[in-house]
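To keep things clear, I will list the structure first and then write my remarks on it.
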Amino acid sequence: MIVSHLSLTDFRNYERADVALEPGPNLFVGSNGQGKTNLVEALGYLSTLGSHRVSSDQALIRQHQASAIIRARLEHGERGVLVEVQLNRSGANRAQVNRSAIKPRELPRYFSSVLFAPEDLALVRGEPGGRRRFLDELLVLLSPRLAGILADYDRVVRQRNTLLKSARSAGVKGSQLSTLEVWDERLIELGSQIVEARTALVSRLEPEVARAYESIAGGEHSAALENRLSVLSHSDAEEDAGDEPGLTGVVTAADAASAFRQSLERLRRTELDRAVTLVGPHRDDVVLRLNGMPARGFASHGESWSFALALKLASVAELRRDTTTGDPVLILDDVFAELDAARRERLAEAVASVEQVLITAAVHDDVPEALRANTVRISRGRIFEDRDERA
Amino acid sequence: MYEGIVQELIDEFGRLPGIGPKSAQRIAFHILQTESHDTTRLAELLTIVREKVRFCEICGNVTEHETCSICRDPRRSQATICVVEEAKDVVAIERTREFRGLYHVLGGAISPIDGVGPDDLRIRQLMQRLADGTVTEVIIATDPNLEGEATATYLSRLLHQPGLTVSRLASGLPVGGDLEYADEVTLGRAFEGRRLVEN
Ligand SMILES: Nc1ncnc2c1ncn2[C@@H]1O[C@H](COP(=O)(O)OP(=O)(O)OP(=O)(O)O)[C@@H](O)[C@H]1O
Ligand SMILES: [Mg+2]
Ligand SMILES: [Zn+2]
């Protein structure tokens, strides 16, 4: 799938902008703070209904304005669709497809993109929560039904934690404990489905990540993924799990459920003392290994960057595998400045087969020649399409 | 903060379900500015409603008598009880005209976050109704969300006794709509809960 035209009204620092996009690579260049990230953030919004930078939509609406509009013309083969979303400062957002109203949450059915931004370095260097979110977002794209299971699971954890707290402060009453069993059952049922879905995803993603890392960094490096499942762990704290061996391969929901049940039994006293749910997918992690060492804490800056990028390229590979609407649009925000010359060239080759790639860079020459065919210059929230000419 | 009684009124509205501080303030000022006979009528209604309307002593449904019209209706089957969360669910099920048994209104669902445990629901009363063996079937019709499911699980364990059939309403696709318009989550659930077709 490609975006053939994007138009913005009162989005971030754009009062009004129109830009035509080409299949293959599109490069946006401009000095710092001119609106390059804002532009690609708008497209990211259409596929995820959120920004990768802020959690509230308010920041996306141009200062002093009441609403912002993102409108994009999408093309897949012969088919074209016009999608539009209006973000309102007060009141609900609105969305349209081919000028008829739809629910905003239905937008991702029409458009999918994978965005890589500097914030994604946290996938490698940050806390487990970011990695879980990465997996879960991909899972929901591949199997939308899981959105309900993930949301319900989060709520079970909150319900159960509240129950544990009140049981602790009130002394353990019989009827409260019998409801704990009810929540345990839900926790195990939903949680083991998540474990199965995540481990299945990791085992499909693993070869893609290895391939993508190799394509960026060259053959002598090996990137690998390992699951760290709290239901299989014997220490009860997230931090202590550091040197327990990880696990590859799929854990079925049935196996996860029995391990889950045993862990809960073993930890019952501790959980009642600490009043938190100590095991389950909300405590799991996926360990990224580079040449056998954990990337977190060992990998260099450029290596971490490449690993995060490999995760995103692997998502593209996974999404294009079973799609009916073509490749997701790949967005690379500020990537090239962080890579050495050889990796830049190899990345350019690696993304050559993706239907459409949008790239931003502050310095035009950081981006390999092969990706500069359609260059758009951005300055203070305005767009200058000077094809062929250097910015 | 407003002075004394005005603030008290705002706080009081703010305690109502679904009303945040802003709405509470808007309603309070609306009342202050309304013709006085309108607010008198509202005040009267509030008092009468509290005096007249109460909960059916048997099932917990709303009624103006000791027991509700359904519990008093001799044509309803005494052998089946449908357990629901709220009185408004009774109204919804009655609209279907499918169910001819009795109801039991729990008054909510188990939800620790909202401070609701089994002791806060009318579960003991339900057990009392089942004691003499007249009732042979219980249909659990709590909401198809997490708390409703948890409540259903809790009840089905409690109701595990000889001579009593316990069932749970199927949750699935909204009828009357097209399959293509069902959202992914609902449709996904319906797939999981699929049944064999008899042939
Ligand atoms: N809601 C808004 N209203 C008006 N201006 C905004 C709004 N949100 C962000 N901006 C402005 O947009 C600019 C940032 O744009 P953006 O993040 O796209 O920069 P960039 O071109 O990607 O720069 P860099 O090369 O530093 O990454 C800032 O100057 C910021 O003040
Ligand atoms: Mg930027
Ligand atoms: Zn009654």
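The values are calculated or read from the model by the stated rules, or taken from the named source; none is laboratory data. Note that the structure is a prediction, hence the values are computed from the model and not measured. Cβ placement follows ideal geometry from the backbone for every residue including glycine, while neighbour counts extend to all protein chains displayed. Note: areas computed on protein heavy atoms with side chains; ligands, DNA, RNA excluded. Shrake-Rupley method; radii C 1.70, N 1.55, O 1.52, S 1.80 Å.
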Quick one: with all protein chains in place, what share of the accessible area of chain B is carbon or sulfur, to the nearest percent (1.4 Å probe)?
54 percent
Note down the nm distance, to one decimal, between modelled labels 7 Å out along Cα→Cβ at A:LEU49 and at B:THR40.
5.0 nm
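Run through region A:75-116 and list the GluC sites (Glu not before Pro) located in a DSSP loop whose Cβ has at most 14 other Cβ atoms within 10 Å.
Details: sites: A:GLU75, A:GLU78, A:GLU84, A:GLU106; in loops: A:GLU78.
Passing both the DSSP loop test and the Cβ count: A:GLU78.
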Taking R0 as 45 Å and r as the Cβ-Cβ distance between A:GLU181 and B:GLU3, the FRET efficiency 1/(1 + (r/R0)^6), rounded to the nearest 0.05, comes to 0.30
DSSP beta bridge pairing in region B:75-168, given as percent antiparallel to the nearest 5:
10 percent
Using alpha-carbon coordinates, inclination of helix A:301-321 to the longest axis of chain A, degrees
90 degrees
So which of B:LYS52/B:LYS88; A:LYS103/B:LYS22; B:LYS22/B:LYS52 end up more than 29 Å apart, counting from Cα to Cα?
B:LYS22/B:LYS52
Write down the accessible area per residue of region B:4-52 in Å², having rolled a 1.4 Å probe over the full set of protein chains.
82 Å²
Going by Cα centres, region A:341-381 and region B:1-80 are how many Å apart?
64 Å
Say a site is exposed when it is one of the GluC sites (Glu not before Pro), sits in a DSSP loop, and has at most 12 other Cβ atoms within 10 Å; what is then the longest site-free stretch of chain B?
B:99-197
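Quick one: of the DSSP bridges fully inside region B:1-141, what percent are antiparallel, nearest 5? Spell out each step's value before the answer.
Numbers: 3 of 11 bridges.
Of all bridge pairs located within region B:1-141, approximately 25 percent are antiparallel.
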Once phi for every residue in region A:133-142 is put through the Karplus expression 6.51 cos²θ - 1.76 cosθ + 1.60 (θ = phi - 60°), the whole-Hz ³J(HN,Hα) values, with Gly and Pro written as x, are 4, 4, 5, 5, 5, 5, 4, 5, 5, 7
Determine ³J(HN,Hα), in whole Hz, for all residues of region A:5-15 in sequence, where each value follows from phi through the Karplus function 6.51 cos²θ - 1.76 cosθ + 1.60 and θ = phi - 60°; x replaces Gly and Pro.
8, 10, 9, 10, 10, 6, 9, 6, 8, 9, 7
Summing -39500 (n - 2.57) over every DSSP H run of at least 4 residues in the protein assembly as shown and dividing by its residue count gives a helix-only mean residue ellipticity at 222 nm, to the nearest 500 deg cm²/dmol, of -13500 deg cm²/dmol
Amide H contacts under 5 Å for A:VAL251, restricted to residues at least 5 apart in sequence or on another chain and with H modeled in the peptide plane, are A:THR199, A:ALA200
Label-point gap, in nm, between B:HIS30 and A:SER56 - each point 7 angstrom along Cα→Cβ:
2.6 nm
Hey, what do the phi angles of region A:58-67 turn into as Karplus ³J(HN,Hα) couplings, whole Hz, using 6.51/-1.76/1.60 and θ = phi - 60°, x for Gly and Pro?
3, 5, 7, 8, 4, 3, 6, 9, 8, 7
Skipping prolines and chain starts, which residues have an amide H placed within reach, meaning under 5 Å, of the one on A:ASP284, given they are 5 or more residues away or on another chain?
A:SER230
In whole Å, largest first, what are the principal axis extents of the Cα atoms in chain B?
69, 45, 32
Given a Förster distance of 30 Å, report the FRET efficiency between A:MET293 and A:ALA122 from their Cβ-Cβ distance, rounded to the nearest 0.05.
0.95
Rounded, prolate or oblate: which fits region B:4-52, taking a ≥ b ≥ c as square roots of the Cα gyration tensor eigenvalues, rounded meaning a/c under 1.5, else prolate when a/b beats b/c?
oblate
